[in-house]
């Protein structure tokens with residue numbers, strides 16, 4: 001496509017003489033801008049993809065893909081309903097739960113918590129929680145609970161220490177409703193790596209939760225795990241007739257719609273904003289190439305008089321500009337992949353260097369900075385950068401090819 005002499009001249013123009021230093025500065029900044037734009041965009045998309053994947057994995061690892069929600073009285077014949085649901089194609093697991101909000105207190109520290117009563121075999125079938133026990137193990141004793149590591153640290157409790165749970169659903173007396181209070185022993189401490197769960201979730205045996213919340217023989221909800229979580233809409237329509245009037249079937253997309261929609265919008269906005277960096281660098285290529293064309297007017301005229309065609313002149317300057325764009329894209333590609341692959345190590349190094357917490361779990365929900373490099377995202381960024389860079393060289397190259405050699409040499 002490019003003749004050897006065209007490559008030779010284009011390469012010579014990329015190594016300007018001393019008096020052409022300003023043009024080389026513009027070319028260097030164009031290359032640097034494209035590299036930074038591509039690298040930054042790859043890193044941001046990798047972090048956004050990793051953040052969504054981590055949250056989705058934690059949410060679906062601790063909660064069901066679908067949930068049969070009952071009214072305040074709960075589900076009376078929940079085992080029969082669970083059996084019918086397990087017989088449906090694609091249903092992997094059905095777990096009855098008793099859940100409620102309480103106030104957890106220990107060593108003078110109190111805070112809100114969510115209690116989930118679940119059978120030991122159902123809890124062990126959730127790898128996200130089953131593999132996250134730091135101390136203790138399943139099954140829990142009848143009077144024992146499992147709490148998150150952040151709650152344990154905040155309250156200053158360990159294995160065997162007492163934790164008091166206070167429920168607003170108490171017993172009616174002549175003086176009003178008295179809150180229900182009961183003290184349990186810490187039987188296990190877990191850490192799933194998501195702040196919300198590690199700080200506020202309490203697990204206990206199903207029978208103990210039924211007794212505590214006064215729901216003997218009943219469950220507050222059924223959690224359903226399916227083979228394909230992305231098809232929960234179809235599963236919901238198939239399972240709704242079986243549940244009937246006993247409850248309401250809700251899938252994870254409905255329960256977390258606002259959260260994941262916000263992540264998607266933020267991802268798209270970040271892509272648009274950071275793409276402007278590449279666009280600015282592409283405009284720098286245009287300005288630098290136009291200045292190069294004006295500076296090389298005499299050279300172009302001499303080449304034309306020696307027999308070079310308009311196409312050859314256009315290809316020379318196109319190759320000069322494209323080299324800047326392709327090189328910058330390649331550098332940004334390598335920079336972005338290297339940074340994204342080691343972002344957690346870099347974060348920890350920066351934290352040690354600055355002495356500040358750069359990724360607070362209280363704000364970002366996760367205890368580490370995730371990054372997931374998606375092939376499609378990287379290919380999209382690289383393709384966009386190459387297209388913008390190549391388009392930026394067309395007008396200056398066309399201007400160079402249209403230059404009249406007579407006018408260029410008139411005053412030489």
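Inspection of region 91-99 finds a residue satisfying the criterion of being loosely packed, with under 14 Cβ neighbours inside 10 Å, in contact with a strand residue (DSSP E or B) (Cβ under 8 Å, 6 or more places away or on another chain), assigned to a strand (DSSP E or B) and at pLDDT below 90. Take the conditions (1) crowded, with 19+ Cβ neighbours inside 10 Å; (2) under 30 Å from residue 399 (Cβ atoms); residue 251 misses just one of them, which is (2).
Out of 283, 271, one residue alone is at pLDDT 80 or above, surrounded by fewer than 20 Cβ atoms within 10 Å (Cβ to Cβ), closer than 30 Å to residue 386 by Cβ and within 22 Å of the chain's Cα centre (by Cα). It is 271. Would you check if residue 238 is free of Cβ contacts under 8 Å to residues at least 12 places away in the same chain and either farther than 16 Å from residue 90 by Cα or out of contact with any helix residue (DSSP H, G or I) (no Cβ under 9 Å at 6 or more places or on another chain) (or both)? Here the answer is no, as residue 238 does not meet what is asked.
Screening region 101-189 for strands (runs of 3 or more DSSP E) wholly inside it with 3 or more residues that are surrounded by fewer than 19 Cβ atoms within 10 Å (Cβ to Cβ) returns the ranges 109-117, 133-136, 162-173. Take the conditions (1) at positive phi; (2) in contact with a strand residue (DSSP E or B) (Cβ under 7 Å, 6 or more places away or on another chain); residue 108 misses just one of them, which is (2). State yes or no: is residue 55 more than 20 Å from residue 292 (Cα to Cα), surrounded by 13 or more Cβ atoms within 10 Å (Cβ to Cβ) and at pLDDT 85 or above? No; evaluated as a whole, the condition is false for this residue. Among residues of region 56-89 being free of Cβ contacts under 8 Å to residues at least 12 places away in the same chain, out of contact with any strand residue (DSSP E or B) (no Cβ under 7 Å at 6 or more places or on another chain) and part of a helix (DSSP H, G or I), the one that is farthest from residue 123 (Cα to Cα) is 80. Screening residue 263 against (1) touching a residue at least 12 places away in the same chain (Cβ under 8 Å); (2) within 16 Å of residue 92 (Cα to Cα) leaves a single unmet condition, (2).
Is it the case, given these coordinates, that residue 353 is surrounded by fewer than 16 Cβ atoms within 10 Å (Cβ to Cβ), on the phi < 0 side of the Ramachandran plot and assigned to a helix (DSSP H, G or I)? The answer is yes for residue 353. Restricting 288, 332, 338, 328 to those that are at pLDDT 85 or above, more than 14 Å from residue 385 (Cβ to Cβ) and out of contact with any strand residue (DSSP E or B) (no Cβ under 8 Å at 6 or more places or on another chain) reduces the list to 338. Of the residues making up region 224-235, just one is within 23 Å of residue 139 (Cβ to Cβ) and either surrounded by 22 or more Cβ atoms within 10 Å (Cβ to Cβ) or over 26 Å from the mean Cα position of the chain (by Cα) (or both), namely 224.
Of the residues 369, 391, 403, the single one that is part of a helix (DSSP H, G or I) and at pLDDT 70 or above is 391.
The values are calculated or read from the model by the stated rules, or taken from the named source; none is laboratory data. A quick note: this is a predicted structure, and the numbers were derived from the prediction, not measured. Glycine gets a Cβ as well: all are built from the backbone with ideal geometry, and neighbour counts include every protein chain shown.
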